[in-house]
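A.B. asks: What follows is a single structure, and I will ask about it in a moment.
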Amino acid sequence: MAAMRAMVLDRPKTPLVMRERPVPVPRAGEIMIEVKACGVCRTDLHVVDGELEHPKLPIVPGHEIVGRIAAIGEGVSGFAAGERIGVPWLGATCGVCRYCRSGQENLCDAPVFTGYTRDGGYATHAVADARFCFPLGEAGEDAAITPWMCAGLIGWRSYRMAGEGTNLGLYGFGAAAHILSQVATWQGRRVFAFTRNGDTAAQDFARSFGAVWAGNSDEGPPEELDAAIIFAPVGALVPAALKAVRKGGRVVCGGIHMSDIPSFPYALLWEERHVMSVANLTRQDAHEFLMIAPKAGVHCEITRYPLERANEALSDLRGGRLQGAAVLIP
Ligand SMILES: [Zn+2]
Ligand SMILES: [Zn+2]
């Protein structure tokens, strides 16, 4: 039987281990993919570090998969062997709960998440529900477009939730922010980037992706913001961002996990400022973003790691030693 290789998490807070397994056979409705590249997302860190509860264990992390279709299960139509596709975080939904029926499948009561409750892309092969795979065409290099599959898609949802204002603050300038900064600039908006205090490399990085201003997250911006999106998993940024937005402005929390939000005076929320979170993505978000990203000329700064060095990639992300995104190459 043909073998695949995967980096496996046996239990949270332990390093991933390389394992050989039989190549999976797609069941009805599924596609089997030969993984070409898989991006490393901060959510993978939360899974590995035990900050997200109840992962399937053992689990193969990874939900920014770009690969080629190697086998197609029964009943799948519209895909061809060899086609390049992307597999995102939202792996499947129930289709029948009140959220699925009302256009909010991102909030499904019984979802499946790639690399969290089903095996993901830190591997040479992966299986996915065909309904949640997206054709990617042939433009762009495999590794360079992996961040689109989560940083891009969930970033895009956060961006839409932030509304239409001109001045947009981005707290935490990693994979998602460097993509959105390009989209926002292309749309004529002005990006204000906030990084860890004193991280001048990240501030230079932000300016090189279109930010009109970049500074420390405990500084106020030079102008009032219409909205802010927080990607850094730091609860203290919520009051900081509220202080920076105008009356009626929005603060969107774009991550899946954040440290506790410290108490803050009601005056920061007063005057119809909003605080909200963004959870997961819908397939509609994906279709919109995959349409807009090439038009906006979005390109990603990536650092490649061979698959077997996944632990090093995670640790570099944890330590803030990366500009842009880490990508694993099997
Ligand atoms: Zn549902
Ligand atoms: Zn992600």
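Since every read-out is calculated from the coordinates, none of them should be taken as a lab result. Because the structure is predicted, anything quoted here is derived from the model rather than measured. Cβ: placed from backbone, ideal geometry, glycine included. Neighbour counts: every protein chain shown.
A.B. asks: Please list, ordered by chain and number, the residues whose modelled amide H lies under 5 Å from the amide H of Cys41; skip anything fewer than 5 residues away on the same chain.
C.D. replies: Close amide H contacts, sequence-distant or interchain: His63.
A.B. asks: In the chain, if the dipole is taken from +1 on Lys/Arg beta carbons and -1 on Asp/Glu beta carbons about the Cα centre, which of Val278, Ala71, Thr200 is farthest to the positive end?
C.D. replies: Sorting the options by dipole projection puts first Ala71.
A.B. asks: Give me a comma-separated list of calculated 3J(HN,Hα) values for the range 192-208, in order, Karplus coefficients 6.51, -1.76, 1.60 applied at θ = phi - 60°, integers in Hz, x for any Gly or Pro.
C.D. replies: 10, 9, 10, 10, 3, 4, x, 7, 5, 5, 5, 5, 5, 4, 4, 5, 6
A.B. asks: Size of the dipole of the range 153-277 about the Cα centre, Lys and Arg at +1 and Asp and Glu at -1 on the beta carbon, nothing else charged, in debye to 20? Present the calculation step by step, with values, prior to reporting the outcome.
C.D. replies: Values: 11 positive and 11 negative charges, 59 e Å.
The dipole magnitude comes to about 280 debye.
A.B. asks: Take the Cβ-Cβ distance between Arg19 and Glu271 as r, set R0 to 56 Å, and report the resulting FRET efficiency rounded to the nearest 0.05.
C.D. replies: On the way: r = 55 Å, r/R0 = 0.98.
In this case the efficiency is close to 0.55.
A.B. asks: Can you give the local net charge around Gly255? Use residues other than it whose beta-carbon is closer than 13 angstrom to its beta-carbon, Lys and Arg +1, Asp and Glu -1.
C.D. replies: Details: positive: Arg42, Arg157; negative: Asp44, Glu51.
Counting the neighbours of Gly255, the net charge comes to 0.
A.B. asks: Residue by residue through the range 212-224, what is 3J(HN,Hα) from phi via Karplus (6.51 cos²θ - 1.76 cosθ + 1.60, θ = phi - 60°)? Round to whole Hz and write x for glycine and proline.
C.D. replies: In residue order, the calculated couplings are 7, 8, 9, x, 6, 5, 8, 8, x, x, x, 9, 5 Hz.
A.B. asks: Then there is this: For the chain, modelled as a GNM with alpha-carbon contacts under 10 angstrom, which of Asp49, Asp142, Asp226 fluctuates the most?
C.D. replies: Judging by the Gaussian network model, the answer is Asp49.
A.B. asks: Excluding residues on the same chain fewer than 8 positions from Lys36, give the lysines whose Cα lies under 26 Å from its Cα.
C.D. replies: Lys56, Lys295
A.B. asks: Provide the gained length on full extension for the span Gln284 to Gln104, in nm with one decimal, where the gain is 0.36 nm per separating residue minus the Cα-Cα distance. Intermediate results must be reported in sequence, preceding the final value.
C.D. replies: Details: separation 180, 0.36 × 180 = 64.80 nm, distance 0.99 nm.
This chain segment gains 63.8 nm when fully extended.
A.B. asks: Separate question: Name the long-range amide H neighbours of His125: under 5 Å, sequence gap of 5 or more, or other chain; modelled H, no Pro or chain starts.
C.D. replies: Placed amide hydrogens put Arg5, Val35 under 5 Å from His125.
A.B. asks: How would Phe231, Phe173 line up from fewest to most surrounding beta-carbon atoms within 10 angstrom? Present the calculation step by step, with values, prior to reporting the outcome.
C.D. replies: Details: Phe231 25, Phe173 29.
Exposure proxy ranking, most exposed first: Phe231, Phe173.
A.B. asks: Taking each pair of distinct Cα atoms in the range 153-277 once, what is the resulting Kirkwood hydrodynamic radius in Å?
C.D. replies: Values: mean 1/r = 0.0717 Å⁻¹.
Evaluated on the range 153-277, it is 13.9 Å.
A.B. asks: Whole-Hz ³J(HN,Hα) for each residue in the range 57-67, computed from phi via Karplus 6.51 cos²θ - 1.76 cosθ + 1.60 with θ = phi - 60°, x for glycine and proline: what do you get?
C.D. replies: 10, x, 10, 9, x, x, 9, 10, 8, 10, x
A.B. asks: Charges on Cβ only, +1 for Lys and Arg, -1 for Asp and Glu, centred on the Cα centroid of the chain; of Thr303, Tyr116, Ala37, which one is farthest towards the dipole's positive end?
C.D. replies: Tyr116
A.B. asks: Counting only helical runs of four or more DSSP H residues, what would the 222 nm mean residue ellipticity of the chain come to if each run contributes -39,500 (n - 2.57) and the total is spread over all its residues?
C.D. replies: Values: 8 runs with 73 residues, N = 330.
Dividing the helical sum by the residues of the chain leaves -6500 deg cm²/dmol.
A.B. asks: Related question: For the chain, just the Cα atoms, rotate onto the principal axes and tell me the three extents in Å, largest first.
C.D. replies: Result, largest extent first: 63, 41, 37 Å.
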